[in-house]
Amino acid sequence: MSSLLELDGIETAYGSSQVLFGVSLAVQPGECVTLIGRNGMGKTTTVKSIMGMLRPRGGAVRMEGRTLSGQASWRAARAGLGLVPEGRQIFPSLSVRENLVATAGNRHAQAQPWTLDTVYAMFPRLKERERNLGSNLSGGEQQMLAIGRALMTNPKLLILDEATEGLAPLIRAEIWSCLGRLRAAGLAMIVIDKNIGPLLNLADRHYVLEKGRVVWQGSGDELRAQPQVLQRYLGV
């Protein structure tokens, strides 16, 4: 099976400070993988390299065999990548509805596309707050909106960077439930989060980053069987 997304030896830097050193990973259609590691190990830089927000100095990012590295972010989005960024980054001066429709589209002619109705069914609270400005939502509601906005682009692969950070336990549980339903529906995902337990239950495979390098990769069962990996690289 050919990969949906492939990173091949990505090298990325901020000015003279190199952050990623030969990062390689792959996501198959319908697969959920994670990027895990301590803060500052290169997870978000990897996401930015995938999305075209940073231009890698070396290596390649490919989506369905087509090279994306070095191209503008809108090309990544058009290729089928959807991003739920760290910090949510919703449009604060737009209403919930306006946030959702601002970038909506079904560019790949999916038979059952995400629409306002299906997003509201996933997150009924957004329907209740449809006319509220983004700036007037709670943190949990903003996170739901960020996920809904990404789904409205009908991505082939959804990337979530710290999707449950700073949320109350009940809201975190709701987000994890949402991600479980997306996985069951066959949407490919890359998930970054500090909550290892839910990640182990959600994902098919895991990539551990340490100082900009992939130092371990394997399945959830393999990670559970190697607690020394969690202790060494995650400190849990």
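For residue 83, nonlocal amide neighbours, meaning residues 5 or more places apart or on other chains whose placed amide H falls under 5 Å from its own, are 159.
Suppose R0 equals 22 Å. What FRET efficiency, 1/(1 + (r/R0)^6) with r the Cβ-Cβ distance, do residue 165 and residue 201 give to the nearest 0.05? Once the sixth-power term is evaluated, E becomes 0.75. At R0 = 45 Å, how high is the FRET efficiency between residue 111 and residue 232 if r is their beta carbon distance? Nearest 0.05 is fine. Once the sixth-power term is evaluated, E becomes 0.50. The dipole here belongs to region 77-236: it is taken about the Cα centre, uses +1 on the Cβ of Lys and Arg and -1 on the Cβ of Asp and Glu, and is about 220 debye.
If you take all other residues with their beta carbon under 14 Å from the beta carbon of residue 20, and give Lys and Arg +1 and Asp and Glu -1, the sum is +3. Each residue of region 213-223 was assigned a 3J(HN,Hα) from its phi angle through the Karplus expression (A = 6.51, B = -1.76, C = 1.60, θ = phi - 60°), giving 10, 7, 9, 7, 8, x, 7, x, 4, 5, 5 Hz with x at Gly and Pro. Considering helices alone, the calculated mean residue ellipticity of the chain at 222 nm is -9000 deg cm²/dmol, with DSSP H runs of length four and up weighted by -39500 (n - 2.57) and normalised per residue. Considering only Cα atoms, the convex hull volume of the chain works out to 122 Å³ per residue.
Taking other residues whose beta carbon is less than 12 angstrom from the beta carbon of residue 69, and scoring Lys, Arg as +1 and Asp, Glu as -1, yields +3.
Computed on region 94-155, the Cα convex hull volume stands at 63 Å³ per residue. Each Cα pair under 8 Å and six or more residues apart adds its separation to the average, and for the chain the resulting relative contact order is 27 percent. Phi angles across region 77-82 convert, under the Karplus curve 6.51 cos²θ - 1.76 cosθ + 1.60 with θ = phi - 60°, into 3J(HN,Hα) values of 5, 5, 6, x, 9, x Hz, Gly and Pro given as x.
Net charge dipole, region 94-155: roughly 40 debye, given to the nearest 20, about the Cα centre with Cβ charges of +1 for Lys and Arg and -1 for Asp and Glu. Could you sort out which of 48/194; 43/127; 156/211 sit more than 25 Å apart by Cα distance in this structure? Beyond 25 Å: 43/127; 156/211. Where does the charge balance sit around residue 5 when Lys and Arg score +1, Asp and Glu -1, over other residues with C-beta under 12 Å from its C-beta? Overall, the nearby charge balance is -1. Restricting to Cα pairs below 8 Å that are 6+ residues apart, what does the relative contact order work out to for region 94-155? Please round to a whole percent. Relative contact order of region 94-155: 59 percent.
The numbers here are math on the coordinates, done by the rules we state, and not lab data. The structure presented is a predicted model; accordingly, all values stated were derived computationally and were not measured. A quick note on method: Cβ atoms are made from the backbone with ideal geometry, for glycine too, and the neighbour counts reach across all protein chains shown.
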